[in-house]
Amino acid sequence: EVQLVQSGAEVKKPGESLRISCKGSGYNFTNFWISWVRLMPGKGLELMGRIDPSDSYTSYSPSFQGHVTISVDKSISTAYLQWSSLKASDTAMYYCGRITIAAAGMDVWGQGTTVTVSS
Amino acid sequence: DIVMTQSPDSLAVSLGQRATINCKSSQSVLHSSNNKNYLAWYQLKPGQPPKLLISWASTRESGVPDRFSGSGSGTDFTLTISSLQAEDVAVYYCQQYYSLPNFGQGTKLEIK
């Protein structure tokens, strides 16, 4: 079964660092780009950026450039989303999604990781 | 950046009736090299990850009921649910992938 499994919910304080993960299985991980998507409470989906697991090439949406880091460890079929200094405004659900082979949308999604940042 | 604008923001439709959601892009997402529209539709239900319903503006994903259809070209697109079922209550998003992908603001679909 093709699936993406994300790491569990996190509760952090402002200023702390965090890395969440997204592990792919059931397919050749390096053949498909991975995107990260944010869903803030009461808001819409926002694409944060994407990474090519074959060579770690990344691209970020302008709103997220410089605020997060997307990386990958292809040896363990896992993509990461990382913050160096969290803010309360980072409180959200974060999803990873596999971009289709034709780059026509995201066909497989992780279950989501809730990140809560509160003092 | 290509800006995606959906209308309406929310919609209430009676069971069995047609639901229509519109999506407009700030520039064409029709690629001249292959004559394909780089536009997808997703369904988001509470507590679930998004689900890809339609890609290339009108190609239904495997397993998606045929009451869901997509149409349009260039800058104007439509998602139609021909006969609304209770399980279709969700927020629907369009997404362009012509350039760095981004989503519309979403349309909340409810039962009237």
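The values are calculated or read from the model by the stated rules, or taken from the named source; none is laboratory data. In this text the structure is predicted, and so the values were computed from the model without any measurement. Glycine also receives a Cβ, built like all others from the backbone with ideal geometry; neighbour counts cover every protein chain displayed.
Assorted remarks:
- Top-ranked residue in region B:70-89 [being farther than 22 Å from residue A:108 by Cα and either surrounded by 20 or more Cβ atoms within 10 Å (Cβ to Cβ) or modelled with pLDDT under 95 (or both); ranked as nearest to the chain's Cα centre (by Cα)]: B:77
- Positions within region A:81-110 being in contact with a strand residue (DSSP E or B) (Cβ under 6 Å, 6 or more places away or on another chain), surrounded by fewer than 19 Cβ atoms within 10 Å (Cβ to Cβ) and closer than 14 Å to residue A:54 by Cα, in sequence order: none
- Residue that is nearest to the other protein chains (Cβ to nearest Cβ), among those in region B:39-60 that are part of a strand (DSSP E or B) and of a type in the set (S, T, N, Q): B:55
- From A:95, A:27, A:80, residue being among the aromatic types (Phe, Trp, Tyr) and outside any strand (DSSP E or B): A:27
- Among the conditions (1) on the phi > 0 side of the Ramachandran plot; (2) crowded, with 23+ Cβ neighbours inside 10 Å, the only one that residue B:92 does not satisfy is (1).
- Among the residues making up region A:43-68, those that are within 12 Å of chain B (Cβ to nearest Cβ) and over 14 Å from the mean Cα position of the chain (by Cα) are A:43, A:44, A:62, A:63.
- Against the test of being modelled with pLDDT of 95 or more, over 16 Å from the mean Cα position of the chain (by Cα) and closer than 22 Å to residue B:86 by Cβ, the options B:43, B:27, B:17 yield a single qualifying residue, B:17.
- The single condition among (1) on the phi > 0 side of the Ramachandran plot; (2) assigned to a strand (DSSP E or B); (3) not hydroxyl-bearing (Ser, Thr, Tyr) that residue A:50 does not meet is (1).
- Test: residue in region B:61-69 that is within 11 Å of chain A (Cβ to nearest Cβ), modelled with pLDDT of 95 or more and farther than 20 Å from residue A:102 by Cα: no
- Hits in region A:28-42 (condition: touching a residue at least 40 places away in the same chain (Cβ under 8 Å) and either of a type outside the set (Val, Ile, Thr) or away from every other protein chain (no Cβ under 14 Å) (or both)): A:29, A:30, A:31, A:32, A:33, A:35, A:36, A:38, A:39, A:40, A:41
- Whether a residue is surrounded by 14 or more Cβ atoms within 10 Å (Cβ to Cβ), basic (Lys, Arg), within 12 Å of chain A (Cβ to nearest Cβ) and without any contact (Cβ under 8 Å) to a residue 60 or more places away in the chain was assessed, and residue B:36 passes this test.
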